[in-house]
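Working notes, structure below.
The values are calculated or read from the model by the stated rules, or taken from the named source; none is laboratory data. Treat the numbers as computed from the prediction; the structure is a model and nothing was measured. Here Cβ is always computed from backbone atoms with ideal geometry, including for glycine, and neighbour counts include all displayed protein chains. With ligands, DNA and RNA removed, areas are computed over all heavy atoms of the protein, side chains included. Shrake-Rupley method; radii C 1.70, N 1.55, O 1.52, S 1.80 Å.
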Amino acid sequence: MRTVDLIAKKRDGGELSRSEIEYLIQGYTDGSIPDYQISALAMAIYFRGMTAQERADLTMAMVESGDQIDLSAIAGVKVDKHSTGGVGDTTTLVLAPLVASVGVPVAKMSGRGLGHTGGTIDKLESISGFHVEIGNDQFVDLVNRNGVAVIGQSGDLTPADKKLYSLRDVTATVDSIPLIASSIMSKKIASGANAIVLDVKTGDGAFMKEMEDTRKLAAAMVDIGNRVGRRTIAIISDMSQPLGYAIGNALEVKEAIDTLNGQGPADLYELSLTLGSHMVVLAGKAKTEAEAREMLEQSVRSGRALDKFKTFISAQGGDTAVVDRPELLPAASYRIDVPAREDGYISAIAAEQLGTAAMMLGAGRATKESAIDLAVGIVLHKKVGDRVAKGEPLATIHSNRERPDEVLESFYESIAISKQQVNKPQLIFGVIG
Ligand code: URA
Ligand code: CA
């Protein structure tokens, strides 16, 4: 096989076979095929697309390029949840203990945040003592004992994807649905789950800003999962404004605790119940989503979901006192209320810009190497559709700088207020799969 012939085949609209894709990905991973040839291939894929079979083959070639996590020692159907990333997306912190509390094993690997989106691992590390560097045997053991564990990436998962994603970043080939879909799915499949629930975000703060692209991406990922024997479904959910009220690490832990107590933001709770009920059904613990939802709601009402959160925190070395006393979480030195400059209705909260404002406070990383401040962030008091009076606080900025003026300016730019009444945006746009 000659790499140049395979590039030409894709350039001319041909379909690559499984063995051709394996040859390309293996060669790229071991360094025998250079960056410039894979750059050309990525650009050919960008313009020509991939067939459903090519996408699945590319996904599996990337899965096989590195380690795969073996969860077979955990009894039951392991269902993973993946979000394509959003601002203030606190769902994993709620979902992991919530679905575990009704008997669905949660063996989750999570990442750190980058840019305007936060990472679950960073959020959990705002709980004193909590650690995520756990080996595979202990990971399996924790899930078997408590039903839930969340750890950082271990092993060398999907090295082909790491290389290819970095290359796409500098060759203007990130925005290709088959390449995005196979990149995300390769990581989920290598992490060992039997079934996958995807939360595909749409809107300003999401990777996919247009509904049509979001649906295509969701359908491509669902198709890949199902083709390779992992039952997969996708929920399409709104990211035109941040999810919940809190953006920032410790602030989101508090928001998750409130939600597990039945006192969290309505949108975060609703999305958690929707994703959670699909996970419960895929795990075979309920026959219908309605039945699953009832189980989850009952678990919140009875306090079992919150107890599971305590067990989970304690098993990973964290201080469970924060659950009853969230004021023990890292707190910022300054709380600055941001008053509305006019009367009206909130008509937009630009999620990406607000995520970037939180990053400027120190809640997120501008580059992989940046340090983050777990205490800082933004707590909204109003969401799209809410009425506001001039002078009333729109949000509170939690800062370790006395005068974060540029953050305030950015905050005001991200909020639009209209004189006309505005409807609350739809939260869930559909289910695929
Ligand atoms: N996220 C990923 O993991 N991969 C992509 O290609 C795009 C977003
Ligand atoms: Ca939130």
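General remarks:
- Candidates Gly248, Gly225, Gly205, filtered to the one that is within 30 Å of Ser128 (Cβ to Cβ) and within 16 Å of ligand 1 (Cβ to nearest atom): Gly205
- Residue within region 152-160 that is more than 15 Å from ligand 1 (Cβ to nearest atom) and crowded, with 17+ Cβ neighbours inside 10 Å present: yes
- Against the conditions (1) more than 23 Å from Ala351 (Cβ to Cβ); (2) open to solvent by less than 10 Å² (accessible area, probe 1.4 Å), Val228 satisfies every one except (2).
- Flag if Ser240 is in contact with a Leu (Cβ under 8 Å, 6 or more places away or on another chain) and outside the structural domain of Glu352 (by the TED database): no
- Scanning region 188-220 for residues that are assigned to a helix (DSSP H, G or I) and surrounded by fewer than 21 Cβ atoms within 10 Å (Cβ to Cβ) gives Met211, Glu212, Asp213, Arg215, Lys216, Ala219.
- Members of region 381-411 that are assigned to a helix (DSSP H, G or I) and either over 21 Å from Glu255 (Cβ atoms) or hydroxyl-bearing (Ser, Thr, Tyr) (or both): Asp405, Glu406, Leu408, Glu409, Ser410
- When the criteria are applied in full, Thr84 meets the requirement of being in contact (Cβ under 8 Å) with a residue 60 or more places away in the chain and assigned by the TED database to the domain that holds Thr158.
- If you go through region 62-78 and keep only what is outside any loop (DSSP other than H, G, I, E, B) and open to solvent by 10 Å² or more (accessible area, probe 1.4 Å), you end up with just Asp67.
- Scan of region 106-122 for residues that are farther than 19 Å from Ser154 by Cα and surrounded by fewer than 22 Cβ atoms within 10 Å (Cβ to Cβ), ordered by number: Gly115
- The single condition among (1) of a type outside the set (A, V, I, L, M, F, W, C); (2) in contact (Cβ under 8 Å) with a residue 60 or more places away in the chain; (3) open to solvent by less than 70 Å² (accessible area, probe 1.4 Å) that Pro34 does not satisfy is (2).
- Residue list for region 82-92, filter: open to solvent by less than 10 Å² (accessible area, probe 1.4 Å) and away from ligand 1 (no atom under 14 Å from the Cβ): Val87, Gly88, Thr90, Thr91
- Condition check for Met239: within 23 Å of Val79 (Cβ to Cβ), more than 16 Å from ligand 2 (Cβ to nearest atom) and open to solvent by less than 10 Å² (accessible area, probe 1.4 Å): no
- Residues of region 95-119 that are hydroxyl-bearing (Ser, Thr, Tyr) and over 21 Å from Val300 (Cα atoms): Ser110, Thr117.
- Pairing each residue of region 252-273 that is farther than 16 Å from Glu327 by Cα and within 11 Å of ligand 2 (Cβ to nearest atom) with any residue that is aromatic (Phe, Trp, Tyr) and assigned to a loop (DSSP other than H, G, I, E, B), provided the two are 6+ apart or on different chains, yields C-beta distances under 8 Å for Pro265/Tyr245.
- Meets criteria (away from ligand 1 (no atom under 16 Å from the Cβ), open to solvent by 10 Å² or more (accessible area, probe 1.4 Å) and aliphatic (A, V, I, L, M)) for Ala266: yes
- Phe130 vs. criteria aromatic (Phe, Trp, Tyr), away from ligand 2 (no atom under 16 Å from the Cβ) and open to solvent by less than 10 Å² (accessible area, probe 1.4 Å): no
- Search result, residues across region 347-380 that are surrounded by fewer than 18 Cβ atoms within 10 Å (Cβ to Cβ) and assigned to a strand (DSSP E or B): Ser347, Ala348
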